[in-house]
Amino acid sequence: MLTEKAKDAPATSPASHGAPASTDDLVAYFQGEYVALRDANVSIMTHAFMYGTAVFEGIRAYWNADQGVLYGLKLREHMERIRRNAGMLLMTDLPPVDELVRIVFETIRRNHFEEDAYVRPCFYLSGKSIGVRLHGLPHELTVLAVPFGNYVDTEKGIRIMTSSWRRNADDALPARGKIVGGYVNMAFQKSEAELNGFDEALVLTPDGHASEASAANMFVVRDGVLLTPPVNDDILEGVTRRAILELATTFGIPVESRSIDRSEIYVADEMFLCGTGVQLSPVIELDHRPIAGGAIGPITRQLHEAYFAAIRGNDKRFMHWLTPIPTR
Ligand SMILES: Cc1ncc(COP(=O)(O)O)c(C=O)c1O
């Protein structure tokens with residue numbers, strides 16, 4: 001089962017090649033220094049802890065054993081996004097993208113990861129004062145990185161249900177902002193789906209269009225055309241979504257970004273989710289209705305194969321997605 005759980009679960013597999021054996025021993029960037037994760041702690045009075053006033057990114061790095069290279073996937077794009085989103089929370093004087101990339105490099109180098117990893121940068125309002133607001137508060141940056149093995153199944157196809165919880169509307173709490181507090185909305189959707197025996201949730205906009213999954217963007221195929229909700233349907237503007245659009249263009253698959261009705265998915269030929277956590281995950285059932293006959297359709301299969309080759313540095317055409325990260 002491929003779910004967001006994998007992204008949030010503590011990394012249990014010890015890193016190889018002499019890397020630390022427990023997450024406590026991993027090195028994180030915290031308050032301008034590289035410290036053991038066990039020492040990267042904030043006060044319970046921290047503004048972000050009390051009010052969720054922080055923005056974050058999830059980034060994957062893939063180890064290519066044949067090449068002996070760790071590739072950061074779309075590293076700069078993630079850093080550009082977190083900078084813009086931090087600005088949305090009125091944080092100013094943010095480090096440039098080059099500096100953020102350098103901090104990720106150094107965090108990974110100090111952990112000596114020579115296996116797949118997950119990196120989570122976060123800008124948070126760090127003031128210790130009671131009073132909900134965004135302005136006039138100091139902020140800090142953290143970067144944590146954990147080994148992240150390939151232990152989730154992206155082949156089998158997942159079963160999803162339409163959530164009874166709507167996506168936060170952009171004029172209430174912008175999904176494109178990747179704001180920590182906003183993820184309570186996603187948590188309601190994910191738990192509802194899992195507690196009802198599904199793998200994931202399809203989340204609708206307040207006006208009833210398909211928006212995305214709890215923490216992944218979505219695509220459907222109808223009559224050979226790849227459809228995805230537009231950026232103004234309360235989605236996170238996913239980095240993976242953009243990569244899939246590029247793959248589709250490369251393969252000459254027609255693409256349309258437009259609002260999608262729930263019942264269009266019931267009659268769709270194929271569906272899949274994409275995101276840093278889920279990677280590319282075929283959907284074989286929505287609300288007990290099989291999609292693609294309960295199997296994985298041909299366009300999904302083609303994109304799936306191409307995506308997994310590209311992210312590990314095995315397809316020359318997409319090397320511009322990848323940043324080699326020094327591990328020593
Ligand atoms: C709500 C939401 N939608 C979509 C995505 C996919 O975005 P990305 O491809 O940038 O990881 C995420 C992140 O994983 C997310 O949290």
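With Cα atoms defining each centre, the range 244-320 and the range 150-210 are spaced 18 Å apart in the structure. The protection proxy used here, the mean number of other Cβ atoms lying within 10 Å of each residue, ranks peptides 298-307, 268-277, 313-322 as follows, highest first: 268-277, 298-307, 313-322. Rounded to the nearest whole Hz, the Karplus-based 3J(HN,Hα) values (6.51 cos²θ - 1.76 cosθ + 1.60, θ = phi - 60°) of the range 197-210 follow the sequence x, 9, 8, 8, 10, 8, 10, 9, 6, x, 9, x, 8, 5, with x at glycine and proline.
Taking 7 Å steps out from each Cα toward its Cβ at residue 263 and residue 287 produces label points 0.9 nm apart. Relative to the Cα centre, the charge distribution of the range 186-242, modelled as +1 at Lys and Arg Cβ and -1 at Asp and Glu Cβ, gives a dipole magnitude of about 200 debye. Mind checking which of 175, 28, 295 has the largest fluctuation in a GNM of the chain, springs on alpha carbons under 10 Å? It is 295.
If I take R0 = 25 Å and measure r between the Cβ atoms of residue 109 and residue 246 in this structure, what FRET efficiency does the formula 1/(1 + (r/R0)^6) give, to the nearest 0.05?
Details: r = 29 Å, r/R0 = 1.17.
That gives a FRET efficiency of 0.30.
Which FRET efficiency value, to the nearest 0.05, is calculated for residue 65 and residue 171 with the Förster distance at 56 angstrom and r the Cβ-Cβ distance? Please list the in-between numbers first.
Working: r = 47 Å, r/R0 = 0.84.
That gives a FRET efficiency of 0.75.
Each Lys and Arg adds +1 at its Cβ and each Asp and Glu adds -1 at its Cβ; summed about the Cα centre, the range 206-301 shows a dipole of about 280 debye. Of 32, 72, 238, the residue with the greatest mean-square motion in the GNM of the chain, using alpha carbon springs below 10 Å, is 32. Helical content alone sets the calculated 222 nm signal of the chain at -7500 deg cm²/dmol, taking -39,500 (n - 2.57) per DSSP H segment of four or more residues and averaging over every residue.
A straight chain from residue 305 to residue 76 at 0.36 nm per residue would run longer than the Cα-Cα distance by 80.0 nm.
If I compute solvent accessible area with a 1.4 Å probe over the protein chains, what percent of it on the range 5-147 is carbon and sulfur?
Working: 3390 of 6350 Å².
Whole-percent figure for carbon plus sulfur exposure: 53.
Charge dipole of the chain (Cα centre as origin; +1 on each Lys and Arg Cβ, -1 on each Asp and Glu Cβ, all else neutral): 500 debye, rounded to the nearest 20.
Can you tell me which of 205-214, 37-46 comes out highest on packing, and rank the rest after it, using the mean Cβ neighbours within 10 Å?
Numbers: 205-214: 21.5, 37-46: 13.3.
In descending order of packing, they fall as 205-214, 37-46.
Solvent exposure of the range 158-311 amounts to 36 Å² per residue of accessible area, where only protein heavy atoms count and the probe is 1.4 Å. Compute the signed sum of charges (Lys and Arg +1, Asp and Glu -1) over the other residues within less than 12 Å, Cβ to Cβ, of residue 123. Charge balance near residue 123 sits at +2. Calculated accessible area for the range 5-147 comes out at 44 Å² per residue, all protein chains present (probe 1.4 Å; ligands, DNA, RNA ignored). Highest average first, the peptides 126-133, 48-55 ordered by how many other beta carbon atoms sit within 10 Å of their residues are 48-55, 126-133.
Carbon and sulfur together cover what percent of the accessible area of the range 197-328 at a 1.4 Å probe radius? Provide the component values of the computation, followed by the final result.
Working: 2480 of 4800 Å².
Whole-percent figure for carbon plus sulfur exposure: 52.
Efficiency by 1/(1 + (r/R0)^6): what FRET value for residue 237 and residue 164, r their Cβ-Cβ distance, R0 = 25 Å, to the nearest 0.05?
With R0 = 25 Å, the Cβ-Cβ based efficiency is 0.50.
Taking K and R as +1 and D and E as -1, what net charge do the other residues with C-beta under 10 Å from the C-beta of residue 326 add up to?
So the surrounding residues net to +1.
The values are calculated or read from the model by the stated rules, or taken from the named source; none is laboratory data. Note that the coordinates shown come from a computational prediction; the quantities given were computed from them, not determined experimentally. Glycine also receives a Cβ, built like all others from the backbone with ideal geometry; neighbour counts cover every protein chain displayed. To get the accessible areas, we keep the full protein, side chains included, count just its heavy atoms, and leave off ligands, DNA and RNA. Shrake-Rupley method; radii C 1.70, N 1.55, O 1.52, S 1.80 Å.
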